[in-house]
Every structure is written in C-alpha cells, then in structure tokens.
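Notes follow once the structure below has been shown.
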Amino acid sequence: MPTFEYAPAPESRAVVDIASSHGLFIGGEFVEATGGKPFKTVNPATEEVLSEVSEATADDVDAAVRAARTAYTRVWSRMSGADRGKYLYRIARIIQERARELAVLETLDNGKPIKESRDVDVPLVAAHFFYHAGWADKLEYASLGSNPRGIGVVGQVIPWNFPLLMLAWKVAPALATGNTVVLKPAETTPLTALAFAEICRQADLPPGVVNIVTGAGATGQAIVDHPGVDKLAFTGSTGVGKMIARSIAGTRKRATLELGGKGANIVFDDAAMDQAIEGIVTGIFFNQGHVCCAGSRLLVQENVVDEVLRRLKRRLGTLRVGDPMDKNTDVGAINSKAQLDRITELAGVGEAEGAERWDSGCDLPTSGYWFRPTVFSGVSQSSRIAQEEIFGPVVSVLTFRTPGEAVAKANNTPYGLSAGIWTEKGSRILWMADQLRAGVVWANTFNKFDPTSPFGGYKESGYGREGGRHGLEAYVSTGQETT
Ligand code: TAP
C-alpha cells in the first residue's frame, strides 16, 4: 500500500501516468486543436507543471458540436433506454476500478486532500453514474411527460472545485435521458475530464456521445454561442452565469445555471455542541472552502457565541494543512494563484471593515498556494465578507437572538443556495426550512450530497435542479424545441 502514503508530486506520477501534453476529445478520438495556444496545468500544492493542455478554438467547438449532433441523430437518440443504461453502468464500474488513479489525479490537479478525493469525490462520481443508469430505462415512470426523450446536443461548462464530480452531475443525467454532450472543464483542472474521455473509450461509448474540449473562458463562450447547441448546463460564478443568460436571450436554447452561494450555517443554543462544531468545520473547511454551498456565514445565537468561538478555534488548531497527497491532511492547497489573491484581498477587506480576524497560525509549505483556516468574528451584515462569496477557508461569524432574526439575516444575501440549522427542536427545523430562501437546507449536518437529492439555487444562485428526479427534467424535450 505505498501509493497513498505521503508522496511529493513527482513520485505520484508512479501512481498516475500523466501525458506531457493532451489533445481534445472529439468524435471518440483525441485530436490536435486547430490553432489555440496550449496552456499548462499545474499542481497548486507545488507549482509543478503537470501537463500541457490544448486550447479549443471556435472551430474545434464546432467540430465537437457536429460530432455530438451526428452521434445524437444516428445512434444515441435511437438507442433504447435499457441500452443507454448499460453504457452508464459500464462507465460507473470503470470509475470504481480506476478510483485510486482518479483520486490521485484529482488531488494533483486541484489541490484537495487525497482523503476527500478518495472518500468523497470519486465515490460520489461513481454513485452518480449508477443512479442515472437506473433511470435510463424508467423515464416514463418519472412524471416527465408521455414520451420522455432527449433534447439533442447539450453544451456543459464546469468549474474547478469538484472537477470530476461536476462532470458527473452534468454528463450522467444528459446521457441517461438520451442527449449527447460537449463539455468544457475549467482551465485549471482539465485532467480528470480528459481521463474521463479515456473511460468513455474504454466503455466503448459510441463516438461523439461525449466530447471534451479544453480551454479558457473563450472556449466556454464558443459553446454558449454555438447555434447547434440545444441546451446549456453551466456551473460557475454568478457573474459568468449572468453573461451566459444574456448571450442566449432570444435564442431557442434552454439553460440551467448553478451559480454562487453564501450559505448560512445557523447554530442555536440548544444544539448538540460537539456535533455543531464538527458541522461548522465541515461546512466551511471541506475542500478548502471552495464549495458553492459552503457554510461561509456562521450565525450563532448570541448567548453561546463565546463558547462556539472558543471551541471552534481549538478545533481549527488541530486541522492539518499541507501536502494534499498525505492521507492525514485535512486542508489542502488553494486551487490557483488567482483564487489565493482573491481570498487574501477579501480577508484584508474584512479586517479593514472592522471584523476581528483570527487564524490557526499553522505552518504552511513554502511553495504552492496556501491559506490558513480563518475566522472573522463581529462581522456586520453589510460587510463585504458577509455578502460576497470568498470561496476559501474563511468563515464570517454573525450573531442573532431569535429564530426570526436568524431567518432574516440568513436570507439577507443575493444568493440562495444552501443553509444549515443546528438545534434539538424538530418543530423549529421545519419552520426554519420553510422560511429560508435556500435550495438546500441541512438539519444537524452540512455538506451532505446524494445523487437522489435535487440540488440548486434560489435568487442569484441560479435556476434548475441537478440530481434526483428533478434533475432529469432539464434534459428532457418539452416538444417545443426546433431540432
Ligand atoms: P467561473 O469563473 O464562472 O468559471 C466556470 C466555468 O466557466 C469555467 O470552465 C470557466 O472557464 C468558464 N467560463 C469563464 N468565462 C466564460 C464565458 N464567458 N462563457 C462561458 N464559459 C466561461 O467560476 P469558477 O471560478 O470556475 O468556479 C467558482 C464558482 O462556481 C463559484 O462562484 C461557485 O459558487 C460556483 N459553483 C457553483 C456550484 C453550484 S452547484 N451552484 C458548484 C460549484 C461551483 P475557465 O476555467 O477557463 O475560467
């Protein structure tokens, strides 16, 4: 069992074989890009270059959309649900077989701790494909209309925080319902999407059903603008989501947007305090806080705030921050220099606006991108660190006296993706869940995911749902489409 032991990045190449350069995956083949400038993807924990990746131009995106259209028309839309399901089961099993390799690759490219990619990301990826494989031949029982079928070619653009899991959230329901896909991973985390392309070949998925085009924002924009794309599925920032909504206004394209969040994790004085402290830690320090539904605002009932802060700080002092390939690491590297700069800037703003800043004071590695687990207390509602998504290991603590005040403060944000409630009172949980304008409300837990549960936002956190029966709706034709 040497491979999951502490191993600096170069040796990890013994576990995963990373090609020095990667092409695009179009029509079932890895092909050269037609002229974009290749870019490097680095290990954020070491700044080591992992590979050079092609930049897909608008012409490459066009080739991918054409391949997806041909596959849709000739093969995938004609295949029975049971047969589509067999491909999805096959993909799910290969993911399980290659789980260790995928976990290492994800950790190297993203910076997340290996214990999270190994125990959370990759198992959830496999679960997502298994779950949707089960739906493929049962769509007529999903209350999706009389003759549920795919829409056509789906363009999908995903972020860097859960690279393979976000791919699974997009690709699995699209394929199960009979669509074909052109997907762009984030610029800083393309490697597991490219490994997934290999898995599609290994599963003998018909060429063109899944196409992976790597690149930056311009490649994503080319997918959004392509007239041959019938539906878009985007996960990313609210700013880019708004641009996409503007770009497709007046076209026949359908879209689901999974955008940012500023989740409230609400702790009442009757909460089981040991569990609540663990829930706060999971809520904001899991995946370095690079989580759209993170509990980045901690709302604590006023009479227990001192106790909560004391216990939380003691617990944060025990978190191990460092080499993501070490299986004992709790908090890994920040995904990119740009993200580290943004977190650093917003933390500075928090201090300048008068909140009290505390961090765990742990040692940090000398190379790579790192940020200590940080707590801001005495944060006012109007502060930027209470309103803007920091997307890092930083929690802003506010207080409340009554459940009504907790609801008002929790809802006082442009976002509406997630919330958590910690209390012993069941009736209070039900009342709060009804009042909170958040797509997901966890009770006495946080950051729990399951393929059977629909996930998505209110307000500026986007529209549409992913996961569960609801997630299928976005991928099924309404009969209005012109294709
Ligand atoms: P973005 O900067 O919005 O990027 C998301 C994806 O869009 C990336 O692949 C990006 O490419 C691409 N992109 C950038 N500009 C584009 C354009 N003009 N047209 C089309 N595509 C474009 O977000 P991010 O920084 O990667 O991810 C963090 C954000 O995602 C956070 O706000 C987080 O809350 C949100 N998020 C939401 C959810 C859900 S489920 N609601 C889940 C995870 C993350 P590049 O990588 O090259 O920039």
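Residues of the range 135-269: accessible area per residue at 1.4 Å, in Å²? Mind dumping the intermediate values first?
Numbers: 3660 Å² over 135 residues.
Value returned for the range 135-269: 27 Å² of accessible area per residue.
Would you mind checking the range 430-457 for residues with the amide N under 16 Å from a putative spin-label position 7 Å along Cα→C-beta of Ser143? Hits in the range 430-457 for Ser143 at 16 Å: 453-455.
Sorting 169-181, 65-77, 187-199, 208-220 by their mean Cβ neighbour count within 10 Å, with the most densely packed peptide first, gives 169-181, 208-220, 187-199, 65-77. Taking the C-alpha atoms only, the angle from helix 122-135 to the longest principal axis of the chain is near 50 degrees.
For the range 220-235, list residues with backbone N below 20 Å from a point placed 7 Å from the Cα of Phe39 toward its Cβ? The answer is 220-226, 233-235, whose backbone nitrogens lie closer than 20 Å to the label point.
Within the shell defined by Cβ-Cβ distances under 13 Å, the residues around Arg66 carry a net charge of -1, with Lys and Arg each +1 and Asp and Glu each -1.
Stretched out fully, how many nm does the piece from Asp270 to Lys242 gain, at 0.36 nm a residue minus the Cα gap? Intermediate results must be reported in sequence, preceding the final value.
Values: separation 28, 0.36 × 28 = 10.08 nm, distance 4.05 nm.
My answer for the length gained is 6.0 nm.
Computed from Cα positions, the angle between helix 426-435 and the longest principal axis of the chain comes to roughly 60 degrees.
Hey, with R₀ at 51 Å, roughly what FRET efficiency would Thr73 and Glu356 work out to, going by the Cβ-Cβ distance, to 0.05? Walk me through the numbers on the way to the answer.
On the way: r = 61 Å, r/R0 = 1.20.
Calculated value: 0.25.
The C-alpha atoms of the chain define a longest principal axis, and helix 305-316 lies at about 60 degrees to it. Determine the share of the chain's accessible area contributed by carbon and sulfur atoms, expressed in whole percent, with a 1.4 angstrom probe. Reported share for carbon and sulfur atoms: 50 percent. Each distinct pair of alpha carbons in the range 19-175 adds a 1/r term; the inverse of their mean, the Kirkwood radius, is 17.4 Å. Legend: translational diffusion of the chain by Stokes-Einstein, Rh = Kirkwood radius over C-alpha pairs, 25 °C, 0.890 mPa s; D = 108 µm²/s. The mean of 1/r over all pairs of different alpha-carbon atoms in the range 264-450, once inverted, gives a Kirkwood hydrodynamic radius of 16.5 Å.
How much accessible area per residue does the range 421-473 have, in Å², with a 1.4 Å probe? Before the final figure, lay out each step's value.
Details: 2550 Å² over 53 residues.
Result: 48 Å² per residue.
Projecting label points 7 angstrom from Cα along Cα→Cβ for Ala433 and Ala19 puts them 4.7 nm apart.
The values are calculated or read from the model by the stated rules, or taken from the named source; none is laboratory data. Just so we're clear, the structure is a prediction, and the values are computed from it rather than from any experiment. We place every Cβ from the backbone using ideal geometry, glycine too, and count neighbours over all the protein chains shown. The protein model used for the area step is the full one, side chains on, heavy atoms only, and it has no ligands, DNA or RNA in it. Shrake-Rupley method; radii C 1.70, N 1.55, O 1.52, S 1.80 Å.
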